[in-house]
Amino acid sequence: MVKRKPIIIDTDPGIDDAVAIAIALFSEELDVRLITTVSGNVDVDKTTNNALKLLKFFNKKIPVAKGANAPLIREATNASNVHGESGMDGYDFEEGDMSNLLKENAVNAMYHTIMTSDEPLTLVPIGPLTNIALLLKVYPEVKSNIEQIVLMGGSTSRGNKGVLSEFNIHFDPEAAKIVFSAGLPIVMVGLDVGSKALVYPEDSDKIRGFNRTGEMIYSLFQHYRGIGLKKGLKMYDSCAIGYLLKPEMFTVVDSYVDVELTGTLTSGATIVDLKGYLKKPANAKVCIDIDEEMFRKWFMEALQKCN
Ligand code: RIB
Ligand code: CA
């Protein structure tokens, strides 16, 4: 019997979030204790509805708690141009089961889930880090029962929302700075790997035939307005789950990471000090490369289990 790793997923579904959540929920190695939602791709009312719709679709009873509707300081942006107005355009989901929605907010739900767990939990943020920052500021005692934070976000170089900033960090840079400076073990799963974690048209056609989840994901992919299916759809968020389930896919280095807050052209950039110029101790493990073929094989096999 495989020991399942207890995790909390903090998410802004989001088409690539939906795929990552499917893989996590159907993995025998992960125990998803809680799903918390945050504004990001679309606003938190929509991301919460989307999380509930996904659980209904997957027929899974997992508590959902609604989180922050805006960044800590800045104005909210969104990525509806990529994920559609609903955040998951392309498939006509049944309404979610509201009995999965907790009355308490995401921060309090994470606090109770972490502090009542008989083993340390892994946090898996795959959206902006607003909820995680609030959790660490309101309840710093949770650090005693957090194993690590495996987050999708950041980049060692170019951005996908700003010239140098990745969307999740760009959305709430102050929250990201709080998380990276919290002293917890962090794994940064950024664009350096997400941009190579690609699903091509031939993969998408195969996925369609796997099962009803594959059919749903195929429909979402027809509306995922990233660069577009022909050049490969980027499975950013699945990389964070992939790190937990098959870490050997990644090349990882220890590095000091900080977040630019005041640059007029660079706020939201993750400053990954690979060469130690800043003379600060490493505060994160940074995924700098991925075995693309190993990812594609793992990804397709993982989706075949989502039945
Ligand atoms: O930059 C990619 C990230 O932004 C992913 O988490 C995607 O879902 C969007 O939230
Ligand atoms: Ca996301």
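The values are calculated or read from the model by the stated rules, or taken from the named source; none is laboratory data. Since this is a predicted model, take the numbers as computed values, not measurements. When we count neighbours, we look across all protein chains shown, and the Cβ atoms used for this are built from the backbone with ideal geometry, even at glycine. To get the accessible areas, we keep the full protein, side chains included, count just its heavy atoms, and leave off ligands, DNA and RNA. Shrake-Rupley method; radii C 1.70, N 1.55, O 1.52, S 1.80 Å.
Quick rundown of the values:
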quantity: Segment 1-133: C-alpha gyration tensor shape, a/c 1.5 cut-off, then a/b vs b/c; calculated: oblate
quantity: Expected 222 nm ellipticity per residue - DSSP helices of 4 or more, -39500 (n - 2.57), all of the chain, to 500; calculated: -10000 deg cm²/dmol
quantity: Among the listed pairs Lys3/Lys246; Lys196/Lys297; Lys61/Lys103; Lys3/Lys46; Lys196/Lys285, those beyond 24 Å (Cα-Cα); calculated: Lys3/Lys46
quantity: Difference of contour (0.36 nm per residue) and Cα-Cα distance, Met294 to Glu248; calculated: 15.7 nm
quantity: Segment 4-101 - percent relative contact order, Cα under 8 Å, separation 6 or more; calculated: 32
quantity: Selected from Pro13, Pro173, Pro185 as most flexible by GNM, with the chain as the system and alpha-carbon contacts under 10 Å; calculated: Pro185
quantity: Gaussian network model of the chain, Cα within-10 Å springs - most flexible of Lys230, Lys61, Lys137; calculated: Lys230
quantity: 5 angstrom amide H check on Thr36, placed H, neighbours 5+ away; calculated: Ile9, Asp10, Thr11, Ala65
quantity: Accessible area (Å², 1.4 Å probe, nearest 10) - Val179; calculated: 0
quantity: Computed accessible area, Arg158, all protein chains, 1.4 angstrom probe, square angstrom; calculated: 150
quantity: Accessible surface of Glu202 - all protein chains present, 1.4 Å probe, nearest 10 Å²; calculated: 100
quantity: Relative contact order for segment 59-209, counting Cα pairs under 8 Å that sit 6 or more residues apart, in percent; calculated: 23
quantity: FRET efficiency, 1/(1 + (r/R0)^6) with R0 51 Å, evaluated for Lys230 and Glu119 via beta carbons; calculated: 0.70
quantity: Rounded if a/c under 1.5, otherwise prolate or oblate - the chain, Cα gyration tensor axes; calculated: rounded
quantity: Approximate spin-label separation Glu85-Ser181, in nm, with each point projected 7 Å along Cα-to-Cβ; calculated: 4.1
quantity: Listed residues Pro140, Pro201, Pro128, most fluctuating in the chain (Gaussian network, C-alpha, under 10 Å); calculated: Pro140
quantity: Furthest towards positive pole of dipole, Ile186, Asn283, Leu245, structure part segment 155-307, Cβ charges; calculated: Leu245
quantity: Most to least accessible of Ser267, Ser181 (protein chains only, probe 1.4 Å); calculated: Ser181, Ser267
quantity: Segment 63-159: C-alpha gyration tensor shape, a/c 1.5 cut-off, then a/b vs b/c; calculated: oblate
